[in-house]
Ligand code: GAR
């Protein structure tokens, strides 16, 4: 059974989808053992508490520097013996030193079809605002490995979602969450945990 650490910053609906996938059996080869938020007020922390999962707040400003912040993150992840690190609405860009330290062990969910509407500055509702401004008829979500290029790591899974007339950033965000993010993130987690477990037993 793989140990999973989920990094969050906000509402935590993707964290909720992961926890529900554990209960329903979609995720059966791994378990969330730790939730880390960079914001004390993140509702995701309430979700972790309700599920009885250990959580920690590690704030970059409170740490004093990016190095200290990332070193606190790395220490918490290693203390939890996490195999897989999942960025589920985590709104901090991680340094090349950090991503190299956990190479092919960090994944992220991004709310567009990469390479559209991604990279630095494209997060949360801003992604959907940009998609609507460009007039695309399809958007979606992508799960990818995290490397030193923001949203530039190997793509693991994508799902397209229709953009409808009259969509606002909020209606498009919710449709992409429901029809893509909350499905492909748990499925990809299970796939990686299962493959990792099989490699060890060979
Ligand atoms: C999600 O839509 C996620 O894809 C996005 O932020 C939202 C977080 O929602 N992530 C990014 O934009 C990362 N660049 P949640 O806290 O309810 O899961």
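Quick notes on this structure:
- Among the residues of the stretch 59-71, those identified as surrounded by fewer than 19 Cβ atoms within 10 Å (Cβ to Cβ) and either in contact with a strand residue (DSSP E or B) (Cβ under 6 Å, 6 or more places away or on another chain) or more than 14 Å from residue 102 (Cα to Cα) (or both) are 59, 60, 61, 62, 63, 64, 65, 66, 67, 68.
- The residue of the stretch 38-86 that is nearest to the ligand (Cβ to nearest atom), among those that are in a strand (DSSP E or B) and closer than 24 Å to residue 1 by Cβ, is 86.
- Residue, farthest from residue 192 (Cα to Cα), within the stretch 72-89, restricted to residues that are exposed (fewer than 13 other Cβ atoms within 10 Å of the Cβ) and without any contact (Cβ under 8 Å) to a residue 60 or more places away in the chain: 75
- Test: residue 53 is crowded, with 21+ Cβ neighbours inside 10 Å and at pLDDT 95 or above: no
- Summed over the stretch 124-149, residues that are within 12 Å of the ligand (Cβ to nearest atom), under 16 Å from the mean Cα position of the chain (by Cα) and surrounded by fewer than 20 Cβ atoms within 10 Å (Cβ to Cβ) total 2.
- Residue list for the stretch 1-26, filter: away from the ligand (no atom under 16 Å from the Cβ), part of a loop (DSSP other than H, G, I, E, B) and either touching a strand residue (DSSP E or B) at 6+ places or on another chain (Cβ under 6 Å) or in contact (Cβ under 8 Å) with a residue 60 or more places away in the chain (or both): 1, 26
- Whichever residue in the stretch 99-121 is in contact with a strand residue (DSSP E or B) (Cβ under 8 Å, 6 or more places away or on another chain), in a loop (DSSP other than H, G, I, E, B) and within 28 Å of residue 133 (Cβ to Cβ) and, among such residues, is nearest to the ligand (Cβ to nearest atom): 111
- Within the stretch 87-98, the set of residues being assigned to a loop (DSSP other than H, G, I, E, B), at negative phi and in contact with a helix residue (DSSP H, G or I) (Cβ under 9 Å, 6 or more places away or on another chain) comprises 88, 92, 94, 95.
- Scanning the stretch 155-172 for residues that are surrounded by fewer than 20 Cβ atoms within 10 Å (Cβ to Cβ) and without any contact (Cβ under 8 Å) to a residue 24 or more places away in the chain gives 164, 165, 166, 171.
- Selection status of residue 175, touching a residue at least 12 places away in the same chain (Cβ under 8 Å) and either part of a helix (DSSP H, G or I) or surrounded by 20 or more Cβ atoms within 10 Å (Cβ to Cβ) (or both): yes
The values are calculated or read from the model by the stated rules, or taken from the named source; none is laboratory data. Model, not experiment: these values are computed from the prediction. Glycine also receives a Cβ, built like all others from the backbone with ideal geometry; neighbour counts cover every protein chain displayed.
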